[in-house]
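Below is one structure, written out as structure tokens; comments come after it.
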Amino acid sequence: MPQFYRLDASARDLADRFGADPGRDPWAGGYVSPGRFAPVIVGGADGGRRIVPRLWGVPPPPAAALAGGAPVAHVRNLESPFWIGTLRHRHLRCLVPATAFPAWSEAPDPATGKRRQHRFTLPAQPLFAFAGIWRDSEVPSFAILTCEPNRLVRALHRRAMPVILHREDEESWLRAGWARAQKLVAPFPSQLMAMDRAAPPPADGAG
């Protein structure tokens, strides 16, 4: 699962790409990591879409919170009681826009003995969307769904990847019943992705 992702697009770019009202979102582009605010796209009651800034990481279950558990950034188990109610309520699903996400190889580079970081993009979709959910129970937050890795991501010995939505499926994720929406939780085709070496994220506070 990505520990950060890139969103190198402005709120105005997001509004144009996703047909959403940008409101007053000040997003100008940069990287996102758990605990930072980022724009997500939610469906409005009028059938439109809105861009809303939310914190990446949903507050953990009460028992975990009491034990000092960290916010939960990824939805791994679709049948978990912690998630299923949210997933079944279509108005609590969201699109999480991105331009790239990293993954580290689990095996070290034979030449350096260090793990290598790679960046994944979608050449035909410079701006795409992860499947996400949002909550307002304590803070305005969101989490990203994950699934089995495709061949490209699995080559790095990764056990999961974020759920990337095909453009034509984005509206179904926001509006469809759960029987339809859960079928979208699947690996994105490897042949539609590209992988290259990536630089580490900037220091906190930098774009």
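The values are calculated or read from the model by the stated rules, or taken from the named source; none is laboratory data. Keep in mind that this is a model prediction, so the values were computed, not measured. Reconstructed Cβ throughout: ideal geometry from the backbone, glycine too, with neighbour counts over all protein chains shown.
Observations
- Unmet requirement for Thr86, which otherwise passes all of (1) of a type outside the set (Gly, Ala, Ser); (2) surrounded by 20 or more Cβ atoms within 10 Å (Cβ to Cβ); (3) touching a Phe, Trp or Tyr at 6+ places or on another chain (Cβ under 9 Å): (2)
- Matching option when the condition is modelled with pLDDT under 95 and in contact with a helix residue (DSSP H, G or I) (Cβ under 6 Å, 6 or more places away or on another chain), among Pro110, Pro22: Pro22
- Matching residues in region 10-44 - criterion: being aliphatic (A, V, I, L, M) and either surrounded by 14 or more Cβ atoms within 10 Å (Cβ to Cβ) or free of Cβ contacts under 8 Å to residues at least 40 places away in the same chain (or both): Ala11, Leu14, Ala15, Ala20, Val32, Ala38, Val40, Ile41, Val42
- Single unsatisfied condition, Asp196 versus (1) more than 24 Å from Arg54 (Cβ to Cβ); (2) out of contact with any helix residue (DSSP H, G or I) (no Cβ under 7 Å at 6 or more places or on another chain); (3) outside any strand (DSSP E or B): (3)
- Top-ranked residue of region 116-147 - restricted to ones that are among the charged types (D, E, K, R) and surrounded by 13 or more Cβ atoms within 10 Å (Cβ to Cβ), ranked as nearest to Cys94 (Cα to Cα): Arg135
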